[in-house]
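The values are calculated or read from the model by the stated rules, or taken from the named source; none is laboratory data. Note that this is a predicted model, so its numbers are computed, not measured. Cβ placement follows ideal geometry from the backbone for every residue including glycine, while neighbour counts extend to all protein chains displayed. The accessibility values were calculated without ligands, DNA or RNA, using every heavy atom of the protein model including side chains. Shrake-Rupley method; radii C 1.70, N 1.55, O 1.52, S 1.80 Å.
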Amino acid sequence: MRGKRAVVLGGAGFVGSHLCERLLDDGAESVIAVDNLITGNEQNVRTLKPRAGFQYVKQDIIDGLEVDGPVDYVLNLASPASPIDYANLPLETLRVGSIGTENALKLAEKKKAVFLMASTSEVYGDPLVHPQKEDYWGNVNPIGPRSVYDEAKRYSEAISAAYERSRGVEVRIVRIFNTYGPRMRLNDGRVVPAFVGQALKGEDFSVFGDGSQTRSFCYVKDLVDGLVRLVLSDVRGPVNIGNPREMTIKQFAEAVRAASGGGREIVYHPLPKDDPKQRQPDITRARTLLGWEPKVLLEDGLRETIAYFREVAGRPSGT
Ligand code: NAD
């Protein structure tokens, strides 16, 4: 990354801010974080602002993208990403995945930059094969409540592949599986902040369904390492990045209870519509082509995440 110039779309979000930090740590000459803060927070880049080469630009990528000077990498992470966010922002989610992604691809084409599309395991929908390999085409309900996100990401992949084939843009597609870590929002509806928040407040854990549905959780530092390896590689076609250590939601609630020393009972609620029952990445491609695999143990990642949420809880409100 030394001497390279990157534009990170969605750079003030959870993953985007960690990616900006890693690029700067790796010696990037310039890192421009573009974000309209629809689900992000400027606080996430607070510690990056004083660093040489870092710039934050508040902009909606749906309105177009202009960047002065050369760019080596356009990294597109802009999109509402949690189920609560995309349920509240259905049209914004579809538009950023479609118009926003095309604007990002146009920028990459103009600058002859490598383009990274942050896609998602949700393109597999409620998968009928398990674990999911990249050649599985998915099982998505096109009009269900989660479809705005799933289909936006499927379209993002399709248009990225089309720009690669027809316009010669160098495209990398990553399908990200559940990721957690500091800078998630406590109330974003995802299971990690939900459980951690409940543990810190000493509340019961809310589990949807009977808790036997499985998930696998990747720590954000591991994910970012996978993203960097992918953009520096010449790997074509989608690559799953996630942690294959699968556990039930109930086991996960117990891990949070142990790591936080708090939280009481597990309380069961009805399962939301189209909630996937099983989710586990097959990371053979990432292992063999990128030499990547997750390294951070759940217990260690949870400890750092809980410490972050404790610190945020102690900050004056609004910061
Ligand atoms: P996030 O909401 O924290 O970050 C997304 C960022 O994009 C936010 O800062 C938001 O303000 C910004 N954004 C949204 N629409 C925009 C627009 N029109 N113009 C400019 N900025 C815009 O979510 P995250 O968890 O950091 O996710 C980052 C990316 O990774 C997303 O594309 C998401 O789909 C993908 N992803 C994340 C996970 C995960 O577990 N965190 C899993 C799969 C995929």
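Per-structure values
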read-out: Angle between the chain longest axis and helix 14-25 axis [Cα atoms, degrees, rounded to 10]; value: 50 degrees
read-out: Between region 136-183 and region 35-72, the alpha-carbon center distance in angstrom; value: 22 Å
read-out: Spin-label model distance (nm) - Lys201 vs Glu304, 7 Å beyond Cα toward Cβ; value: 2.7 nm
read-out: Translational D in µm²/s for region 87-216 (Stokes-Einstein at 4 °C, 1.567 mPa s, Kirkwood Rh from C-alpha pairs); value: 78 µm²/s
read-out: Rounded tilt (10° steps) of 101-111 against the dominant C-alpha axis of the chain; value: 40 degrees
read-out: Over region 191-319: Rg over Rh, Cα atoms, Kirkwood Rh; value: 1.03
read-out: Spin-label model distance (nm) - Asp234 vs Arg51, 7 Å beyond Cα toward Cβ; value: 3.0 nm
read-out: Separation of alpha-carbon centers, region 226-286 and region 91-123, rounded to whole Å; value: 24 Å
read-out: Rounded accessible area of Arg229 (nearest 10 Å², 1.4 Å probe); value: 90 Å²
read-out: Average Cα contact separation per residue, the chain, under 8 Å, 6 or more apart, as relative contact order %; value: 17 percent
read-out: Region 119-133 - phi-based ³J(HN,Hα) in whole Hz, Karplus 6.51/-1.76/1.60, Gly and Pro as x; value: 8, 8, 4, 5, 5, 7, x, 8, x, 9, 10, 8, x, 8, 9
read-out: All-pairs alpha carbon distance profile, region 4-56, 5 Å steps from 0, percent; value: 5, 26, 39, 22, 7, 1
read-out: Carbon + sulfur, % of accessible area of the chain - ligands and nucleic acids excluded, 1.4 Å; value: 51 percent
read-out: The chain - mean residue ellipticity at 222 nm from DSSP helices (-39,500 (n - 2.57) per run, n ≥ 4, rounded to 500); value: -11000 deg cm²/dmol
read-out: Degrees between helix 191-201 axis and first principal axis of the chain (Cα, 0 to 90, nearest 10); value: 50 degrees
read-out: Hull volume in cubic angstrom per residue (convex hull over the Cα atoms of region 232-303); value: 120 Å³
read-out: Compactness of the chain as Cα Rg over 2.2 N^0.38 Å, two decimals; value: 0.95
read-out: Per residue accessible area in Å² of region 33-144, where ligands, DNA and RNA are left out and the probe is 1.4 Å; value: 46 Å²
read-out: Cα pair distances in region 1-156, grouped into 10 Å bins until the bin that holds the longest one, percent each; value: 11, 39, 32, 15, 2
read-out: Asn141 versus Ile84: modelled label distance in nm, points set 7 Å from Cα along the beta carbon direction; value: 2.2 nm
